[in-house]
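Participant: Just passing along the structure, written as structure tokens.
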Amino acid sequence: MTMKRALIAVVGVGLLVALVAVVIAWQPELDKVDAGRVTDADQSEIARGYDLAQLGNCESCHTAADGEPYAGGRAMATPFGTIYSVNITPDSETGIGTWSLEAFARSMREGVDREGGYLYPAFPYTHFTKMSDADIAAVHAYLRSIPAVRHEAPENDLPFPFNIRLLMAGWNLLFLDEGPLDPVDGQGEDWNHGRYLVESVAHCGACHTPRNAVGAEQSDAALAGAEIDGWYAPALAGDGARGWSAPQLATYLTTGFSRAHGAAAGPMGETVGNLSKVPPKDIAAIATYVASLTDDDAGPIAVVDNGVPDDLAPTHALWVGACAGCHEPAAGSGPGDTNPSYGIALSTGYAVHSPRPLNAVRTIVDGVDHYRDMGGPYMPAFGGSLTADQIADVTRYVRARFSDAGAWSDVDDTVQTALGQKREGDGQ
């Protein structure tokens, strides 16, 4: 065979393989239903759909800054580019007003929209696929009951080849485990219900599980902790998880605060804002399950105070002026006992003990403001009042004084990144 014929044969085989792949990956467009908002559905189903939407953070992810609820347009940064959430209001042209339950269920279970287009796993269908038929129907009923908003989300900003949606068919083949989640024999009803919520609609692993090079969750490191949006979502299972009791978790998930663990900030703060609206039985179930994954027999975290670090003595004045009022122990009381901000002994918080300074830096830069109107924990954002060097010095100070772990090596770069992200978030 000549070189020319060999090349033609190789190209021909390649084209044939590509054609077969396209045929296998092709998904049909599903019929439209009568467009618009539905108001006559079963009200109990709609109410349950609302609860599930809060558990799934649907409004948070599908609402742009200063945008209408559920109308899409929120930017989500990924290692492959920026993805924008879509409109899931019942608008007939820009939303899901013409989506049947079959079409909606396909998107939740298979990651394919009504028109047959593949979705990206920034939409966590890899978790939603585990939802029951009844719960998927309830969310669909709720979304069809909310006000329709005409809003076209921006086009995703993804470079080639990540902008080829058809490639997701191969990704799904490798990483999508379809189907509802079966209960585990020998475990109680609360535990099984909590596991179902954590692994399906609440999709906790989407933030708390590390991902591989192509963006899939690492199944062998489920809930082992991961970086997300410039923060670090701590481990909920495994050796790196801190011990939680179920009552501690239930309080934390609904108020954003635990005296023994600290305050929720960043993406978790936003999540708690949604979970605070969820029925207590669902929160109790989640707390029961997650607490079973951690070592709650470890006892309370010891309060550490190594005193003012010799090499950071000048920073102590900054600490006194900006931090001590809430975090410095007063005589006869613990931090937070005499101030309204719920300041804790910093040695009990995860941020100071974390292997990286992400959470400590981001909390100083962004503050904690998710629950201020609920009378919950509050910390002002210092990203606009302290210099980058001052933020870095305070970060090193709290690590050295309130932790027995070694010094962080990447504080300065982390501060610069956090300040840049804050400026982007503030629209500067």
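The values are calculated or read from the model by the stated rules, or taken from the named source; none is laboratory data. All values reported here derive from a predicted model rather than from experimental measurement. All Cβ positions, even for glycine, are placed from backbone atoms using ideal geometry, and neighbour counts span all protein chains on display.
Participant: Pick out the one residue from R150, R144, R165 that is touching a strand residue (DSSP E or B) at 6+ places or on another chain (Cβ under 7 Å) and either closer than 23 Å to P279 by Cα or not small (G, A, S) (or both). Please lay out each step first, then the result.
Facilitator: On the way: R150 fails: touching a strand residue (DSSP E or B) at 6+ places or on another chain (Cβ under 7 Å); R144 fails: touching a strand residue (DSSP E or B) at 6+ places or on another chain (Cβ under 7 Å).
One residue alone meets the criteria, R165.
Participant: Would you pick out the residues in region 238-274 that are small (G, A, S) and either modelled with pLDDT of 90 or more or not assigned by TED's automatic domain parsing to the domain that holds L223 (or both)?
Facilitator: As a first pass, look at region 238-274 and keep what is small (G, A, S): 238, 240-241, 243, 245-246, 250, 256, 258, 260, 262-266, 269, 273.
Across region 238-274, the qualifying residues are A246, A250.
Participant: May I ask you to list pairs of residues, at least six apart or on different chains, whose Cβ atoms are under 9 Å apart, with the first in region 412-427 being under 14 Å from I364 (Cα atoms) and the second being modelled with pLDDT under 80 and of a type in the set (S, T, N, Q)?
Facilitator: Filtered contacts from region 412-427: K422/Q428.
Participant: Can you tell me which of (1) exposed (fewer than 15 other Cβ atoms within 10 Å of the Cβ); (2) among the polar types (S, T, N, Q); (3) farther than 24 Å from L119 by Cα is the one S219 doesn't meet?
Facilitator: Every listed condition holds for S219 apart from (3).
Participant: In region 72-94, which residues are touching a Phe, Trp or Tyr at 6+ places or on another chain (Cβ under 8 Å) and either assigned by TED's automatic domain parsing to the domain that holds A226 or not β-branched (V, I, T) (or both)?
Facilitator: G72, G73, R74, A75, M76, F80, G81, S85, N87
Participant: Being among the polar types (S, T, N, Q) and within 21 Å of P79 (Cβ to Cβ) is the requirement here; does Q218 meet it? Spell out the reasoning first.
Facilitator: Values: among the polar types (S, T, N, Q): yes; within 21 Å of P79 (Cβ to Cβ): yes.
Here the answer is yes, as Q218 does meet what is asked.
Participant: Quick one: which residue in H193, H203, H208 is touching a Pro at 6+ places or on another chain (Cβ under 6 Å), in contact (Cβ under 8 Å) with a residue 12 or more places away in the chain and within 18 Å of K130 (Cβ to Cβ)?
Facilitator: None of the others qualify; the one that does is H203.
Participant: Considering only region 160-173, I want to know if a residue exists there that is hydrophobic (A, V, I, L, M, F, W, C) and touching a Gly at 6+ places or on another chain (Cβ under 7 Å).
Facilitator: Step one: filter region 160-173 for residues hydrophobic (A, V, I, L, M, F, W, C), giving 160, 162, 164, 166-169, 171, 173.
Retained after the next criterion (residues that are touching a Gly at 6+ places or on another chain (Cβ under 7 Å)): 162, 168.
Yes - at least one qualifying residue is present in region 160-173.
Participant: Give me the residue from region 377-398 that is within 18 Å of Y350 (Cβ to Cβ) and within 26 Å of the chain's Cα centre (by Cα) and, out of that set, surrounded by the fewest Cβ atoms within 10 Å (Cβ to Cβ). I'd like the intermediate steps shown before the answer.
Facilitator: Let us first name the residues in region 377-398 that are within 18 Å of Y350 (Cβ to Cβ), namely 377, 379, 394-398.
Now restrict to residues that are within 26 Å of the chain's Cα centre (by Cα): 377, 379, 395.
Numbers: P377: 26, M379: 20, T395: 25.
Within region 377-398, the match that is surrounded by the fewest Cβ atoms within 10 Å (Cβ to Cβ) is M379.
Participant: What helices (runs of 4 or more DSSP H), lying completely within region 69-174, carry at least 1 residues that are surrounded by fewer than 17 Cβ atoms within 10 Å (Cβ to Cβ)?
Facilitator: On the way: elements: 101-110, 125-128, 133-145.
Correct list: 101-110, 133-145.
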